[in-house]
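Below you'll find the structure, written out as C-alpha coordinates, and then a few comments.
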(Lines give C-alpha, C1' and ligand atoms only; values in the text may rest on other atoms or scores of the structure.)
Protein backbone atom coordinates (compact mmCIF):
# COMPACT_ATOMS: atom_id res chain seq x y z
CA UNK A 1 0.00 0.00 0.00
CA UNK A 2 1.09 3.59 -0.60
CA UNK A 3 1.23 6.19 2.15
CA UNK A 4 1.14 9.88 1.24
CA UNK A 5 2.42 12.33 3.84
CA UNK A 6 1.21 15.86 3.09
CA UNK A 7 3.37 18.34 4.98
CA UNK A 8 1.20 21.35 5.82
CA UNK A 9 2.66 22.69 9.05
CA UNK A 10 4.61 25.69 7.71
CA UNK A 11 3.89 29.34 8.44
CA UNK A 12 2.49 31.84 5.95
CA UNK A 13 4.88 34.66 6.79
CA UNK A 14 6.36 35.00 3.30
CA UNK A 15 2.84 35.09 1.88
CA UNK A 16 2.05 37.99 4.17
CA UNK A 17 -0.72 36.08 5.96
CA UNK A 18 -1.07 35.55 9.70
CA UNK A 19 -2.47 32.00 9.37
CA UNK A 20 -0.38 28.93 8.46
CA UNK A 21 0.44 28.77 4.74
CA UNK A 22 -1.60 25.65 4.01
CA UNK A 23 -4.73 27.34 5.37
CA UNK A 24 -4.42 30.45 3.18
CA UNK A 25 -7.21 30.52 0.62
CA UNK A 26 -6.85 30.38 -3.15
CA UNK A 27 -10.13 31.18 -4.92
CA UNK A 28 -12.22 30.34 -1.86
CA UNK A 29 -10.47 27.08 -0.92
CA UNK A 30 -7.41 26.59 1.26
CA UNK A 31 -4.07 25.57 -0.22
CA UNK A 32 -4.42 22.34 1.76
CA UNK A 33 -7.76 21.53 0.12
CA UNK A 34 -6.37 22.15 -3.37
CA UNK A 35 -3.38 19.93 -2.58
CA UNK A 36 -5.47 17.05 -1.25
CA UNK A 37 -7.74 16.91 -4.29
CA UNK A 38 -4.99 15.30 -6.38
CA UNK A 39 -4.03 12.91 -3.59
CA UNK A 40 -7.57 11.60 -3.21
CA UNK A 41 -7.85 11.28 -7.00
CA UNK A 42 -5.18 8.58 -7.13
CA UNK A 43 -6.62 5.41 -8.69
CA UNK A 44 -5.35 3.07 -5.98
CA UNK A 45 -6.30 3.29 -2.31
CA UNK A 46 -3.74 5.21 -0.27
CA UNK A 47 -3.30 6.17 3.35
CA UNK A 48 -3.14 9.95 3.57
CA UNK A 49 -1.45 11.61 6.52
CA UNK A 50 -1.77 15.37 6.85
CA UNK A 51 0.83 16.97 9.07
CA UNK A 52 -0.83 20.18 10.22
CA UNK A 53 0.01 23.05 12.56
CA UNK A 54 -0.72 22.11 16.17
CA UNK A 55 -2.50 25.46 16.62
CA UNK A 56 -4.98 24.69 13.82
CA UNK A 57 -5.21 20.91 14.05
CA UNK A 58 -9.00 20.65 14.33
CA UNK A 59 -9.60 23.10 11.50
CA UNK A 60 -7.13 21.30 9.24
CA UNK A 61 -8.82 17.98 10.04
CA UNK A 62 -12.22 19.45 9.15
CA UNK A 63 -10.94 20.66 5.77
CA UNK A 64 -9.18 17.37 5.00
CA UNK A 65 -12.22 15.25 5.88
CA UNK A 66 -14.39 17.38 3.58
CA UNK A 67 -12.04 16.71 0.64
CA UNK A 68 -11.63 13.02 1.48
CA UNK A 69 -15.36 12.33 1.49
CA UNK A 70 -15.97 8.58 1.47
CA UNK A 71 -12.20 7.98 1.76
CA UNK A 72 -12.02 9.72 5.15
CA UNK A 73 -11.35 6.36 6.77
CA UNK A 74 -7.92 6.37 5.09
CA UNK A 75 -7.09 9.84 6.45
CA UNK A 76 -5.02 10.72 9.50
CA UNK A 77 -4.20 14.23 10.70
CA UNK A 78 -1.27 14.70 13.08
CA UNK A 79 0.47 17.77 14.55
CA UNK A 80 3.74 18.86 12.98
CA UNK A 81 7.04 19.66 14.64
CA UNK A 82 9.16 22.82 14.78
CA UNK A 83 11.06 21.83 11.60
CA UNK A 84 10.03 20.23 8.33
CA UNK A 85 12.14 17.17 9.09
CA UNK A 86 10.42 16.64 12.43
CA UNK A 87 7.04 17.11 10.76
CA UNK A 88 7.81 14.37 8.22
CA UNK A 89 8.94 12.12 11.05
CA UNK A 90 5.59 12.70 12.77
CA UNK A 91 3.89 11.61 9.57
CA UNK A 92 6.07 8.51 9.25
CA UNK A 93 5.13 7.51 12.80
CA UNK A 94 1.45 7.47 11.81
CA UNK A 95 1.80 5.10 8.84
CA UNK A 96 -0.23 1.89 8.81
CA UNK A 97 1.72 -1.36 9.02
CA UNK A 98 0.88 -2.39 5.44
CA UNK A 99 2.35 0.75 3.83
CA UNK A 100 5.39 -0.15 1.73
CA UNK A 101 5.91 2.98 -0.38
CA UNK A 102 5.91 6.49 1.07
CA UNK A 103 5.36 9.69 -0.88
CA UNK A 104 6.22 12.92 0.93
CA UNK A 105 4.46 15.95 -0.53
CA UNK A 106 4.53 19.65 0.28
CA UNK A 107 0.99 21.03 0.56
CA UNK A 108 2.33 24.30 -0.87
CA UNK A 109 2.64 22.53 -4.25
CA UNK A 110 -1.14 22.60 -4.35
CA UNK A 111 -1.71 21.98 -8.07
CA UNK A 112 0.58 19.01 -8.58
CA UNK A 113 -1.20 16.70 -11.07
CA UNK A 114 -2.23 13.25 -9.90
CA UNK A 115 -0.09 11.80 -12.73
CA UNK A 116 3.02 13.03 -10.92
CA UNK A 117 2.08 11.06 -7.78
CA UNK A 118 1.55 7.94 -9.88
CA UNK A 119 4.80 8.45 -11.80
CA UNK A 120 6.87 8.74 -8.62
CA UNK A 121 5.19 5.77 -6.92
CA UNK A 122 5.74 3.54 -9.97
CA UNK A 123 9.42 4.49 -10.13
CA UNK A 124 9.94 3.70 -6.44
CA UNK A 125 8.37 0.28 -6.94
CA UNK A 126 10.70 -0.39 -9.89
CA UNK A 127 13.95 0.93 -8.43
CA UNK A 128 13.56 0.32 -4.69
CA UNK A 129 15.32 3.64 -4.27
CA UNK A 130 14.38 7.25 -3.70
CA UNK A 131 12.63 9.05 -6.56
CA UNK A 132 12.24 12.79 -7.07
CA UNK A 133 10.30 14.68 -9.75
CA UNK A 134 12.28 17.53 -11.26
CA UNK A 135 12.36 20.06 -14.08
CA UNK A 136 15.40 21.18 -16.08
CA UNK A 137 16.87 24.51 -14.99
CA UNK A 138 16.46 27.09 -17.75
CA UNK A 139 18.05 30.09 -16.02
CA UNK A 140 21.79 30.68 -15.88
CA UNK A 141 22.90 29.88 -12.31
CA UNK A 142 25.83 31.61 -10.61
CA UNK A 143 27.71 30.37 -7.56
CA UNK A 144 28.32 33.31 -5.23
CA UNK A 145 30.02 33.93 -1.90
CA UNK A 146 28.46 35.44 1.22
CA UNK A 147 29.30 38.94 0.02
CA UNK A 148 27.45 38.44 -3.25
CA UNK A 149 30.49 38.15 -5.50
CA UNK A 150 30.24 35.66 -8.36
CA UNK A 151 32.61 32.74 -8.01
CA UNK A 152 31.69 30.87 -11.18
CA UNK A 153 28.84 29.97 -13.53
CA UNK A 154 27.39 26.53 -13.00
CA UNK A 155 26.63 24.18 -15.87
CA UNK A 156 22.83 24.19 -15.93
CA UNK A 157 22.75 20.93 -17.88
CA UNK A 158 23.82 19.31 -14.62
CA UNK A 159 21.12 21.05 -12.55
CA UNK A 160 17.48 20.28 -11.90
CA UNK A 161 14.70 22.03 -9.96
CA UNK A 162 13.28 19.47 -7.55
CA UNK A 163 9.57 19.15 -6.74
CA UNK A 164 7.34 16.86 -4.70
CA UNK A 165 6.04 14.29 -4.01
CA UNK A 166 9.32 12.55 -3.30
CA UNK A 167 8.97 8.79 -3.04
CA UNK A 168 10.83 6.14 -1.05
CA UNK A 169 10.60 2.53 0.10
CA UNK A 170 9.23 2.83 3.61
CA UNK A 171 11.84 0.65 5.32
CA UNK A 172 14.78 2.47 3.76
CA UNK A 173 13.32 5.93 4.47
CA UNK A 174 12.69 5.01 8.11
CA UNK A 175 16.28 3.79 8.41
CA UNK A 176 17.57 7.03 6.85
CA UNK A 177 15.58 9.13 9.31
CA UNK A 178 16.85 7.06 12.22
CA UNK A 179 20.46 7.72 11.19
CA UNK A 180 20.06 11.46 10.40
CA UNK A 181 22.31 13.72 12.49
CA UNK A 182 21.42 17.09 10.91
CA UNK A 183 18.55 18.95 9.23
CA UNK A 184 18.14 18.62 5.46
CA UNK A 185 16.14 20.77 3.03
CA UNK A 186 14.29 17.79 1.58
CA UNK A 187 13.84 14.08 2.13
CA UNK A 188 15.94 13.10 -0.87
CA UNK A 189 18.97 14.86 0.62
CA UNK A 190 18.47 12.98 3.89
CA UNK A 191 18.05 9.71 1.98
CA UNK A 192 21.23 10.33 -0.05
CA UNK A 193 23.19 11.23 3.09
CA UNK A 194 22.42 7.74 4.38
CA UNK A 195 24.16 6.34 1.28
CA UNK A 196 20.93 5.37 -0.46
CA UNK A 197 20.26 5.88 -4.20
CA UNK A 198 17.99 8.61 -5.57
CA UNK A 199 16.81 8.82 -9.18
CA UNK A 200 14.78 11.41 -11.04
CA UNK A 201 11.56 11.42 -13.05
CA UNK A 202 9.97 14.24 -15.02
CA UNK A 203 8.27 16.96 -13.01
CA UNK A 204 5.42 19.24 -14.01
CA UNK A 205 5.18 23.03 -14.26
CA UNK A 206 1.87 22.89 -12.37
CA UNK A 207 3.71 21.57 -9.33
CA UNK A 208 5.11 25.01 -8.50
CA UNK A 209 5.45 25.95 -4.84
CA UNK A 210 3.28 28.71 -3.38
CA UNK A 211 5.78 30.67 -1.31
CA UNK A 212 5.34 34.37 -2.03
CA UNK A 213 2.45 36.73 -2.72
CA UNK A 214 3.36 36.52 -6.42
CA UNK A 215 2.95 32.71 -6.31
CA UNK A 216 -0.43 33.20 -4.67
CA UNK A 217 -1.58 35.48 -7.49
CA UNK A 218 -0.38 32.93 -10.03
CA UNK A 219 -2.39 30.25 -8.22
CA UNK A 220 -5.51 32.45 -8.24
CA UNK A 221 -5.15 32.97 -12.00
CA UNK A 222 -4.70 29.23 -12.54
CA UNK A 223 -7.90 28.40 -10.68
CA UNK A 224 -9.83 31.10 -12.56
CA UNK A 225 -8.64 29.76 -15.91
CA UNK A 226 -9.49 26.19 -14.95
CA UNK A 227 -12.97 27.24 -13.83
CA UNK A 228 -13.67 28.73 -17.25
CA UNK A 229 -12.83 25.44 -18.93
CA UNK A 230 -15.11 23.57 -16.53
CA UNK A 231 -18.12 25.66 -17.45
CA UNK A 232 -20.57 24.97 -20.22
CA UNK A 233 -21.42 28.33 -21.80
CA UNK A 234 -24.39 28.72 -24.13
CA UNK A 235 -25.93 31.54 -26.11
CA UNK A 236 -29.50 31.90 -27.31
CA UNK A 237 -31.36 34.11 -29.77
CA UNK A 238 -34.95 35.32 -29.55
CA UNK A 239 -37.19 37.48 -31.70
CA UNK A 240 -40.76 38.71 -31.40
CA UNK A 241 -42.99 40.91 -33.57
CA UNK A 242 -46.32 42.55 -32.69
CA UNK A 243 -48.60 44.92 -34.56
CA UNK A 244 -49.75 48.12 -32.91
CA UNK A 245 -53.33 48.21 -31.57
CA UNK A 246 -54.47 51.71 -30.64
CA UNK A 247 -57.31 50.29 -28.52
CA UNK A 248 -54.89 48.76 -26.01
CA UNK A 249 -52.35 50.26 -23.56
CA UNK A 250 -48.68 49.77 -24.38
CA UNK A 251 -46.70 47.43 -22.15
CA UNK A 252 -43.06 47.13 -23.15
CA UNK A 253 -40.23 45.72 -21.07
CA UNK A 254 -42.65 45.13 -18.24
CA UNK A 255 -43.51 48.84 -18.01
CA UNK A 256 -46.66 50.77 -18.93
CA UNK A 257 -46.17 53.52 -21.53
CA UNK A 258 -49.05 56.01 -21.14
CA UNK A 259 -50.20 57.78 -24.31
CA UNK A 260 -48.66 55.19 -26.64
CA UNK A 261 -50.64 52.72 -28.76
CA UNK A 262 -50.50 49.17 -27.42
CA UNK A 263 -49.53 45.92 -29.05
CA UNK A 264 -51.88 43.25 -30.32
CA UNK A 265 -51.59 39.79 -28.86
CA UNK A 266 -53.02 36.98 -26.73
CA UNK A 267 -51.24 38.47 -23.70
CA UNK A 268 -50.35 42.14 -23.25
CA UNK A 269 -48.19 41.91 -26.42
CA UNK A 270 -44.94 42.84 -24.63
CA UNK A 271 -42.59 41.91 -27.46
CA UNK A 272 -39.49 42.89 -25.49
CA UNK A 273 -40.21 40.49 -22.63
CA UNK A 274 -41.24 37.80 -25.09
CA UNK A 275 -38.03 38.09 -27.13
CA UNK A 276 -35.93 37.82 -23.95
CA UNK A 277 -37.90 34.71 -22.95
CA UNK A 278 -37.20 33.14 -26.33
CA UNK A 279 -33.48 33.95 -26.08
CA UNK A 280 -33.22 32.34 -22.63
CA UNK A 281 -35.23 29.27 -23.61
CA UNK A 282 -33.18 28.92 -26.79
CA UNK A 283 -29.90 29.05 -24.87
CA UNK A 284 -31.04 26.40 -22.40
CA UNK A 285 -32.48 24.14 -25.11
CA UNK A 286 -35.96 24.42 -23.59
CA UNK A 287 -37.96 25.20 -26.72
CA UNK A 288 -39.63 28.55 -27.26
CA UNK A 289 -42.26 30.79 -25.75
CA UNK A 290 -44.97 29.49 -28.05
CA UNK A 291 -44.45 25.92 -26.88
CA UNK A 292 -44.17 26.89 -23.22
CA UNK A 293 -46.92 29.51 -23.02
CA UNK A 294 -49.21 28.86 -25.99
CA UNK A 295 -52.13 31.02 -27.11
CA UNK A 296 -54.50 28.13 -26.33
CA UNK A 297 -53.80 28.55 -22.61
CA UNK A 298 -56.43 30.87 -21.14
CA UNK A 299 -54.20 31.58 -18.11
CA UNK A 300 -52.13 33.91 -20.24
CA UNK A 301 -54.93 36.02 -21.71
CA UNK A 302 -53.79 39.59 -21.08
CA UNK A 303 -50.84 38.41 -18.94
CA UNK A 304 -48.03 40.90 -18.46
CA UNK A 305 -44.48 40.25 -19.66
CA UNK A 306 -43.27 39.92 -16.06
CA UNK A 307 -45.25 36.67 -15.78
CA UNK A 308 -43.51 35.10 -18.75
CA UNK A 309 -40.05 36.32 -17.73
CA UNK A 310 -40.25 35.06 -14.16
CA UNK A 311 -41.50 31.67 -15.28
CA UNK A 312 -38.80 31.45 -17.97
CA UNK A 313 -36.05 32.31 -15.48
CA UNK A 314 -37.39 29.58 -13.17
CA UNK A 315 -37.25 27.03 -16.03
CA UNK A 316 -33.69 28.00 -16.98
CA UNK A 317 -32.36 27.89 -13.42
CA UNK A 318 -34.16 24.60 -12.74
CA UNK A 319 -32.19 23.17 -15.68
CA UNK A 320 -28.99 24.04 -13.82
CA UNK A 321 -28.05 27.21 -15.69
CA UNK A 322 -26.93 30.60 -14.43
CA UNK A 323 -27.88 33.63 -16.50
CA UNK A 324 -24.87 35.75 -17.42
CA UNK A 325 -26.48 38.64 -19.27
CA UNK A 326 -29.16 39.53 -21.81
CA UNK A 327 -29.12 42.09 -24.60
CA UNK A 328 -32.15 43.24 -26.58
CA UNK A 329 -32.76 45.67 -29.42
CA UNK A 330 -36.14 47.21 -30.21
CA UNK A 331 -36.79 48.06 -33.87
CA UNK A 332 -39.58 50.66 -34.07
CA UNK A 333 -40.46 54.28 -34.81
CA UNK A 334 -41.97 54.66 -31.35
CA UNK A 335 -41.95 54.75 -28.36
CA UNK A 336 -38.70 56.60 -27.70
CA UNK A 337 -36.82 54.21 -25.42
CA UNK A 338 -34.09 56.72 -24.59
CA UNK A 339 -36.42 58.54 -22.20
CA UNK A 340 -36.83 55.44 -20.01
CA UNK A 341 -33.83 53.27 -20.86
CA UNK A 342 -32.34 53.30 -17.34
CA UNK A 343 -35.73 52.46 -15.84
CA UNK A 344 -36.49 49.65 -18.27
CA UNK A 345 -33.02 48.08 -17.91
CA UNK A 346 -33.25 48.18 -14.11
CA UNK A 347 -36.70 46.58 -14.17
CA UNK A 348 -35.73 43.80 -16.57
CA UNK A 349 -32.43 43.12 -14.78
CA UNK A 350 -34.33 42.65 -11.52
CA UNK A 351 -36.71 40.19 -13.18
CA UNK A 352 -33.98 38.20 -14.90
CA UNK A 353 -31.50 38.32 -12.01
CA UNK A 354 -28.69 39.35 -14.35
CA UNK A 355 -27.69 42.45 -16.35
CA UNK A 356 -30.08 43.31 -19.18
CA UNK A 357 -29.15 45.97 -21.72
CA UNK A 358 -31.71 47.47 -24.11
CA UNK A 359 -31.07 49.47 -27.26
CA UNK A 360 -33.29 50.80 -30.04
CA UNK A 361 -33.07 51.47 -33.76
CA UNK A 362 -35.27 52.13 -36.79
CA UNK A 363 -35.37 50.82 -40.35
CA UNK A 364 -35.30 54.25 -41.99
CA UNK A 365 -38.92 54.02 -43.13
CA UNK A 366 -38.57 50.55 -44.64
CA UNK A 367 -40.94 47.69 -43.92
CA UNK A 368 -43.75 47.39 -41.39
CA UNK A 369 -41.65 48.89 -38.59
CA UNK A 370 -40.67 51.77 -40.83
CA UNK A 371 -44.32 52.43 -41.65
CA UNK A 372 -45.21 52.33 -37.96
CA UNK A 373 -47.44 49.26 -38.26
CA UNK A 374 -45.75 47.53 -35.34
CA UNK A 375 -42.42 46.80 -33.67
CA UNK A 376 -39.88 43.99 -33.59
CA UNK A 377 -37.45 42.96 -30.89
CA UNK A 378 -34.31 40.84 -31.19
CA UNK A 379 -32.57 39.47 -28.12
CA UNK A 380 -29.53 37.39 -27.19
CA UNK A 381 -28.79 35.66 -23.89
CA UNK A 382 -25.65 34.16 -22.32
CA UNK A 383 -26.03 31.37 -19.77
CA UNK A 384 -23.67 28.86 -18.18
CA UNK A 385 -23.52 25.85 -15.88
CA UNK A 386 -20.81 23.67 -14.38
CA UNK A 387 -19.94 20.59 -16.40
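Keeping to the stretch 166-202, report how many residues are part of a loop (DSSP other than H, G, I, E, B), out of contact with any strand residue (DSSP E or B) (no Cβ under 9 Å at 6 or more places or on another chain) and farther than 17 Å from residue 134 by Cβ.
Matching residues across the stretch 166-202 total 6.
Of the numbered conditions (1) in contact with a strand residue (DSSP E or B) (Cβ under 8 Å, 6 or more places away or on another chain); (2) within 18 Å of residue 164 (Cα to Cα), residue 77 satisfies every one except a single condition; which is it?
Checking residue 77 against (1) in contact with a strand residue (DSSP E or B) (Cβ under 8 Å, 6 or more places away or on another chain); (2) within 18 Å of residue 164 (Cα to Cα), the one that fails is (2).
State all residues of the stretch 245-255 that are under 15 Å from residue 336 (Cβ atoms) and touching a strand residue (DSSP E or B) at 6+ places or on another chain (Cβ under 7 Å); if no residue qualifies, say none.
Within the stretch 245-255, 250, 253 meet the criteria.
Can we say residue 308 is farther than 20 Å from residue 251 by Cα and either touching a strand residue (DSSP E or B) at 6+ places or on another chain (Cβ under 8 Å) or modelled with pLDDT of 90 or more (or both)? Please lay out each step first, then the result.
On the way: farther than 20 Å from residue 251 by Cα: no; either touching a strand residue (DSSP E or B) at 6+ places or on another chain (Cβ under 8 Å) or modelled with pLDDT of 90 or more (or both): yes.
Criteria not met by residue 308.
Here is a check on your reading of the model: is residue 333 assigned to a strand (DSSP E or B) and surrounded by 15 or more Cβ atoms within 10 Å (Cβ to Cβ)?
no
Under 26 Å from the mean Cα position of the chain (by Cα), surrounded by 20 or more Cβ atoms within 10 Å (Cβ to Cβ) and assigned to a loop (DSSP other than H, G, I, E, B) - does that describe any residue in the stretch 117-129? Write out each step before concluding.
Residues of the stretch 117-129 that are under 26 Å from the mean Cα position of the chain (by Cα), as a first pass: 117-119.
Restricting the remaining residues to those that are surrounded by 20 or more Cβ atoms within 10 Å (Cβ to Cβ) gives 117.
Adding the requirement that they be assigned to a loop (DSSP other than H, G, I, E, B) leaves none.
No: zero hits.
Filter the stretch 347-368 for residues that are part of a loop (DSSP other than H, G, I, E, B), in contact with a helix residue (DSSP H, G or I) (Cβ under 7 Å, 6 or more places away or on another chain) and over 20 Å from residue 242 (Cβ atoms) and give the result.
Hits for the stretch 347-368 are 353, 355, 364.
Quick one: in the stretch 63-74, which of the residues that are surrounded by 20 or more Cβ atoms within 10 Å (Cβ to Cβ) and in contact with a strand residue (DSSP E or B) (Cβ under 7 Å, 6 or more places away or on another chain) is nearest to residue 164 (Cα to Cα)?
First pass over the stretch 63-74, keeping only residues surrounded by 20 or more Cβ atoms within 10 Å (Cβ to Cβ): 63-64, 67.
Subsequent filtering for residues that are in contact with a strand residue (DSSP E or B) (Cβ under 7 Å, 6 or more places away or on another chain) retains 63-64.
Working: 63: 21, 64: 19 Å.
The extreme case among them is 64.
Identify, from the list 23, 32, the residue that is assigned by TED's automatic domain parsing to the domain that holds residue 212, at pLDDT 95 or above and surrounded by 14 or more Cβ atoms within 10 Å (Cβ to Cβ). Talk me through it step by step, then tell me what you get.
Values: 23 fails: at pLDDT 95 or above.
The conditions single out 32.
Please find, among 279, 246, 283, the residue that is crowded, with 24+ Cβ neighbours inside 10 Å and out of contact with any helix residue (DSSP H, G or I) (no Cβ under 8 Å at 6 or more places or on another chain).
279
Touching a strand residue (DSSP E or B) at 6+ places or on another chain (Cβ under 6 Å) and more than 21 Å from residue 380 (Cβ to Cβ): which single residue out of 280, 337, 263, 272 fits that description? Talk me through it step by step, then tell me what you get.
Numbers: 280 fails: more than 21 Å from residue 380 (Cβ to Cβ); 337 fails: more than 21 Å from residue 380 (Cβ to Cβ); 272 fails: more than 21 Å from residue 380 (Cβ to Cβ).
Just one listed residue meets the conditions, 263.
Does residue 143 count as in contact with a strand residue (DSSP E or B) (Cβ under 6 Å, 6 or more places away or on another chain) and surrounded by fewer than 15 Cβ atoms within 10 Å (Cβ to Cβ)?
Working: in contact with a strand residue (DSSP E or B) (Cβ under 6 Å, 6 or more places away or on another chain): yes; surrounded by fewer than 15 Cβ atoms within 10 Å (Cβ to Cβ): yes.
Spelling it out, residue 143 is indeed in contact with a strand residue (DSSP E or B) (Cβ under 6 Å, 6 or more places away or on another chain) and surrounded by fewer than 15 Cβ atoms within 10 Å (Cβ to Cβ).
For the stretch 230-238, check the following and say yes or no: at least one residue is part of a strand (DSSP E or B), at pLDDT below 95 and under 24 Å from residue 335 (Cα atoms).
Within the stretch 230-238, not a single residue is part of a strand (DSSP E or B), at pLDDT below 95 and under 24 Å from residue 335 (Cα atoms).
Please determine, by comparing only the residues of the stretch 302-314 that are touching a helix residue (DSSP H, G or I) at 6+ places or on another chain (Cβ under 9 Å) and within 18 Å of residue 355 (Cα to Cα), which one is surrounded by the most Cβ atoms within 10 Å (Cβ to Cβ).
Within the stretch 302-314, the match that is surrounded by the most Cβ atoms within 10 Å (Cβ to Cβ) is 312.
The values are calculated or read from the model by the stated rules, or taken from the named source; none is laboratory data. Just so you know, these numbers come straight off a predicted model, no measurement behind them. Heads up, the Cβs are rebuilt from the backbone with ideal geometry, glycines too, and the neighbour counts pull from every protein chain shown.
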